[in-house]
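Before any comments, here is the structure.
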Amino acid sequence: AMAMNDTLMIGSALNNIGNIYYKLGGMSLAIKNYVQSQYFIKAANDNQTLTEGLLGLAKAYKQQHKLDSALYFAKRSYNISDSNRLLANAMASSRLLADLYKEEKKFDSAFAYQSIMITLRDSLQGIERIKQLESITIQEQLRQQHIAAQVEIEKEEYRQRLQLLGIGIAI
């Protein structure tokens, strides 16, 4: 990615390295990679990866008990996700924000983000149901087309047999 100067790939790679360090418990290295990835991801204008990285930063800061930083990056992640209709990222960010506000005993804010998270989860589940119904509808249409094609083939075969029978009778 660096040889090709592909900013999106560089940013994504740094973001993924941040995810790896986060999962391994290396919060300082995770934060370093998440921060480095931001420049490249912003240059590539990839809001999906940007919000994932911001959420990773928020989680890493939460692990380090730096709640102010965790709140800051979780809010940034949520706001960008929400404004770009990235529902899954907005849901993950709102879930983290609810947890962070619960830790700070700001229950009104925790409840607000919990409500947002539930609404987003319901929206995502509704979208998934719609996709499933569309898939079923398409499968049924293909099945009906296949049946119609089979009927046409059988009609043609029947017509050919009648012709051969007529020729056989004529002979």
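The values are calculated or read from the model by the stated rules, or taken from the named source; none is laboratory data. Predicted, not measured: the structure shown is a model, and the values here were computed from it. Reconstructed Cβ throughout: ideal geometry from the backbone, glycine too, with neighbour counts over all protein chains shown. To get the accessible areas, we keep the full protein, side chains included, count just its heavy atoms, and leave off ligands, DNA and RNA. Shrake-Rupley method; radii C 1.70, N 1.55, O 1.52, S 1.80 Å.
Among the residues that make up segment 123-134, is at least one of them under 30 Å from R76 (Cβ atoms) and touching a helix residue (DSSP H, G or I) at 6+ places or on another chain (Cβ under 7 Å)? Yes, segment 123-134 has at least one match.
Look at (1) open to solvent by 20 Å² or more (accessible area, probe 1.4 Å); (2) among the hydroxyl-bearing types (S, T, Y); (3) within 17 Å of A74 (Cα to Cα) and you find that Y34 fails only one, number (1). Cβ separations smaller than 9 Å between residues 6+ apart or across chains give the following pairs from segment 110-128 residues that are among the aromatic types (F, W, Y) to residues that are open to solvent by 50 Å² or more (accessible area, probe 1.4 Å): Y113/R95; Y113/D99.
Could you tell me whether segment 73-90 includes any residue that is over 24 Å from D122 (Cα atoms) and either free of Cβ contacts under 8 Å to residues at least 40 places away in the same chain or in contact with a strand residue (DSSP E or B) (Cβ under 8 Å, 6 or more places away or on another chain) (or both)?
Yes, segment 73-90 contains a residue that is over 24 Å from D122 (Cα atoms) and either free of Cβ contacts under 8 Å to residues at least 40 places away in the same chain or in contact with a strand residue (DSSP E or B) (Cβ under 8 Å, 6 or more places away or on another chain) (or both).
Among residues of segment 95-122 being among the aliphatic types (A, V, I, L, M) and open to solvent by less than 40 Å² (accessible area, probe 1.4 Å), the one that is nearest to K75 (Cα to Cα) is L97.
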